[in-house]
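Undergrad: Dumping the structure here so I can ask a few things about it.
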Amino acid sequence: MIRLEGVCKSFDGVEVLRDVSFAVPARGTLGLVGAGGAGKSLILKLLCGLVRPDRGRVWLGETELGPLSERELMGVRGRIGMIFQNYALFDYLTVADNIGFPLARMQRPAAEIAARVQTRLDQVHLPDIGPRYPRELSGGMKKRVCLARATVHDPPIMLCDDPTAGLDPVTTNRIFRLLKDLQAQNDATAIIVSHETAYLRPICDAIALLDRGRLVFAGPTEAALQHPEVRAFMEAGVRPAQAR
Amino acid sequence: MSSDSNHMISFEGIHKAFGPKVVLSGVDLAVREGQICFIIGKSGAGKSVLVKHLVGLLRPDAGTIRYRDEDITGYTERQYFALRHRCTYVFQHSTLFDSMTLQENVALPLRKHRGMSLRESADAAMSYLEKVQMQDMARRRPGDVGDGLRKRVAIARALTMQPEVMIFDEPTTGLDPISAVNVDALIKALSDSEGVTSLVVSHDLRSIFGIADRVVMLYEGKVLLDGTPDDFRGSADPIVHQFVNGLPEGPMAL
Amino acid sequence: MSEPSTLGGLARELRAQIGDTIDVGRQAAWYLVRGRWDWPAIFAQAHEIGVRSVFFVIVCLGFLGAIINLQAGFQATRIIGDASLIGQQAMPLVVRLLGPTLTGMMVATRVGTGIAAEIGSMVVTEQVDALRMNRAPPAEYLVKPRLVACMVMVPALTTIGITAAFFAGMLVAAVGFGTNPGTYADFDVVVGLDLIEGMVKAAAYGVAIPIIAATAGLRARGGSEGVGEATTQAVVAASLAVIVLDFLISGAVFFLR
């Protein structure tokens, strides 16, 4: 469903991704881990064509993103639900308008939008906050609104950039559970970037570890945990401290 | 001044509300010298709000704050400036200057607040960078190193004030597991070697069970539990139990 | 963030900025013809850009009209001892040069910074990426309403400003130098070409300012310091554009006369 082949990307002469290749099958869940600045977020942005690779190819399903224009990419992105690291909620729109935004841009009828927004609000256990603004919400509530917005159009692909950053363990677990529920509901393929390795392990069927732009390993969770570097990362604290 | 208690910091009956929203409703907490005390709780429980009272970034609606048994509640902003050198605050997001090297970032407060010359401050900055094992990267800029390393430099910069107390606001949030473990080890080492009293705001269970001497959990404006990590792990309180195991279901409000 | 410390770096930076501005302008033009018309957003921007600048423009241009007539009056009484024609000396200058350009400068600072800061902070908080993810191209969703609003509002503000300058000047001329308001308001001296020149300039500024400011905002990188940098860049570039356009259009009209 998702495939990267030999992807390289540099910014201002600094190589951020070096020859990265991996694939995620339909309905699969890949946990993408690595230190800050390893290029995890960049991979998600490459997958939705927000950034273009210098070399290499990116496929979503049967579509190769490389030759598409920005306007053609707009259509492809309709199949993706993206959860941004910094929430990226529109602060001048109400929560309901934020969640309904993808549908409004697809020019769906207002009644349908309102109904689907309410369904999603109920699913993320925030039934009454539609008229409020993002600035009035706590971090955990905003993350749930992000989840609702990212999935309101039933996307077959979900990309989640650190969906639980800065949240307490209980909220973290709740977010991951919601994410899995929404993924199952849409039969979606997902990539989850996160540092919460303990929570990630049970919900991912594959793990990929990036280290300074290089892919160390990508494969089924079982096999990943056999790999020494991935194992050290997933069970950090076991390996003696080293500067990073 | 009472001499029988040797509390470094004490909060007594702190109340704080922002408009109609009550965040703290009577928090009592006393921390001994050299302790690593974790303030934990769910997002929005008022953890940062509490510690900001110590350095006068926020003022309580009611209650008393003591520092080394001195009542500092009524301090003026100018008095707090002096206190903020003894109690430094390491912010969640590194506030290093992008245009300066790491060494220059650390040297800046040495020149500004400790009156060192350019040469002296550069040498001293190196010794502080050594304390956080960053001496090899002194000439790099903040943008060229990872989040975990920036956090280390921010800690080195805070150390230049030779603080007695360091307040860490979510020091491991957003860090990958290995960097997080390294930052935890650094906080522990500072407590052991420099005798620094640390107040750590966090909800990172890994850090709590790794380095805390003491854990204080805030819930609905009050202290729910105050004890050692073992007390915390073995607590029968259903809310503490839910938090420590990160269970999605339980009595904790959504 | 790399700083352009060398002259070469500065030139590269400038070239990139101009290139991006042209690119944003081209996309905005495409969506102006083909894209959706988000009227609520356009009216909101027109209010923000136009209505909320009116007071500022009236006060500044009013004083400008007063000052020019005062200066013209002093000169006229000293040299020819007659100040009856000061309106006819001052008004063409106000209509084709000072009115549009000063209004343009004021819009460049007040509105240009607003646009750059707003879009810049949306970039650094990933809101612009979120727009692009949801079939809302920034050129259509963010730039177009601001462009349309400025294209209408800058000429309107210019007209209001010129009017304010006219009446303030008339007052100064009448009170200070005893000029007959009827003589002062003799419009024959302001030829059609002056009016056209003034309005062409105003329209040009109305196109250039929002596109330059929006580009600066879209180029913002990093955190809040990136937004600050974008805002500064927007004011500098937009003011520069006003001056350069003023020169080019004045030159073109000179050859047409």
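Undergrad: Of the residues A:Pro109, A:Pro156, A:Pro169, only one is more than 22 Å from A:Leu30 (Cα to Cα) and either open to solvent by 10 Å² or more (accessible area, probe 1.4 Å) or within 14 Å of chain B (Cβ to nearest Cβ) (or both); which?
TA: Only one candidate qualifies: A:Pro109.
Undergrad: For C:Trp37, all conditions in the list (1) over 20 Å from the mean Cα position of the chain (by Cα); (2) in a helix (DSSP H, G or I); (3) more than 16 Å from C:Ala208 (Cα to Cα) hold save one; what is the number of the exception?
TA: If we test C:Trp37 against (1) over 20 Å from the mean Cα position of the chain (by Cα); (2) in a helix (DSSP H, G or I); (3) more than 16 Å from C:Ala208 (Cα to Cα), just (2) comes out false.
Undergrad: Condition check: assigned to a helix (DSSP H, G or I), at negative phi and crowded, with 18+ Cβ neighbours inside 10 Å. Does C:Leu64 satisfy that?
TA: Yes.
Undergrad: Among the candidates A:Leu147, A:Leu47, single out the residue that is at pLDDT below 95, under 19 Å from the mean Cα position of the chain (by Cα), crowded, with 20+ Cβ neighbours inside 10 Å and in the same structural domain as A:Phe22 (by TED's automatic domain parsing).
TA: One residue alone meets the criteria, A:Leu47.
Residue by residue, here is whether (1) more than 14 Å from chain B (Cβ to nearest Cβ); (2) of a type in the set (A, V, I, L, M); (3) under 25 Å from A:Cys146 (Cα atoms); (4) open to solvent by 50 Å² or more (accessible area, probe 1.4 Å) holds:
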| site | (1), (2), (3), (4) |
| --- | --- |
| A:Val14 | no, yes, no, yes |
| A:Asp19 | yes, no, no, yes |
| A:Leu42 | yes, yes, yes, no |
| A:Gln85 | no, no, yes, yes |
| A:Phe90 | yes, no, yes, no |
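Undergrad: I'd like the full set of residues that are free of Cβ contacts under 8 Å to residues at least 40 places away in the same chain and either closer than 24 Å to B:Pro177 by Cα or in contact with a helix residue (DSSP H, G or I) (Cβ under 8 Å, 6 or more places away or on another chain) (or both), limited to region A:9-43.
TA: A:Gly36, A:Leu42, listed by residue number.
Undergrad: Of all strands (runs of 3 or more DSSP E) completely enclosed by region A:150-244, which ones contain at least 1 residues that are of a type in the set (Ser, Thr, Tyr) and in the same structural domain as A:Gly34 (by TED's automatic domain parsing)?
TA: A:189-193
Undergrad: Under 6 Å by Cβ, and 6 or more places apart or on different chains, what pairs join a residue from region B:230-254 that is of a type in the set (S, T, N, Q) with one that is open to solvent by 30 Å² or more (accessible area, probe 1.4 Å)?
TA: B:Gln242/B:Gly250
Undergrad: Buried (at least 21 other Cβ atoms within 10 Å of the Cβ) and in a helix (DSSP H, G or I): which single residue out of C:Ala83, C:Ala108 fits that description?
TA: C:Ala108
Undergrad: Still on this model: Anything in region B:131-169 that is closer than 24 Å to B:Ser207 by Cα, at pLDDT below 90 and acidic (Asp, Glu)? List them, or say none.
TA: Within region B:131-169, B:Asp147 is the sole residue that qualifies.
Listed here are the residues, each with its yes/no results for (1) under 30 Å from B:Ala30 (Cβ atoms); (2) touching a Gly at 6+ places or on another chain (Cβ under 9 Å); (3) aromatic (Phe, Trp, Tyr).
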| residue | (1), (2), (3) |
| --- | --- |
| B:Lys131 | yes, no, no |
| B:Arg140 | no, no, no |
| B:Gln162 | yes, no, no |
| B:Thr173 | yes, yes, no |
| B:Asp184 | yes, yes, no |
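Undergrad: Any residue that is within 15 Å of C:Ile18 (Cα to Cα), of a type in the set (S, T, N, Q) and open to solvent by less than 10 Å² (accessible area, probe 1.4 Å) - is there at least one of those in region C:222-233?
TA: Within region C:222-233, none of the residues are within 15 Å of C:Ile18 (Cα to Cα), of a type in the set (S, T, N, Q) and open to solvent by less than 10 Å² (accessible area, probe 1.4 Å).
Undergrad: So C:Val95 fits all but one of (1) exposed (fewer than 14 other Cβ atoms within 10 Å of the Cβ); (2) in a helix (DSSP H, G or I); what number is the exception?
TA: Only one criterion in (1) exposed (fewer than 14 other Cβ atoms within 10 Å of the Cβ); (2) in a helix (DSSP H, G or I) is unmet by C:Val95, namely (1).
Undergrad: Evaluate the following for A:Gly81: is it facing another protein chain (nearest Cβ under 9 Å), under 19 Å from the mean Cα position of the chain (by Cα) and free of Cβ contacts under 8 Å to residues at least 24 places away in the same chain?
TA: The answer is no for A:Gly81.
Undergrad: Only one of (1) under 15 Å from the mean Cα position of the chain (by Cα); (2) open to solvent by 10 Å² or more (accessible area, probe 1.4 Å); (3) under 24 Å from A:Leu46 (Cα atoms); (4) not polar (S, T, N, Q) is not met by A:Arg177, so which one is it?
TA: (3)
Undergrad: Inside region A:92-104, can you point out the residues that are within 13 Å of another protein chain (Cβ to nearest Cβ), crowded, with 19+ Cβ neighbours inside 10 Å and not small (Gly, Ala, Ser)?
TA: Correct list: A:Asn98, A:Ile99, A:Phe101, A:Pro102, A:Leu103.
The values are calculated or read from the model by the stated rules, or taken from the named source; none is laboratory data. As the structure is a prediction and not an experimental result, all values here were calculated from the model. Quick reminder, even Gly has a Cβ in these numbers, built from the backbone with ideal geometry, and neighbours come from all protein chains shown. SASA here: full protein model, heavy atoms, side chains in, ligands and nucleic acids out. Shrake-Rupley method; radii C 1.70, N 1.55, O 1.52, S 1.80 Å.
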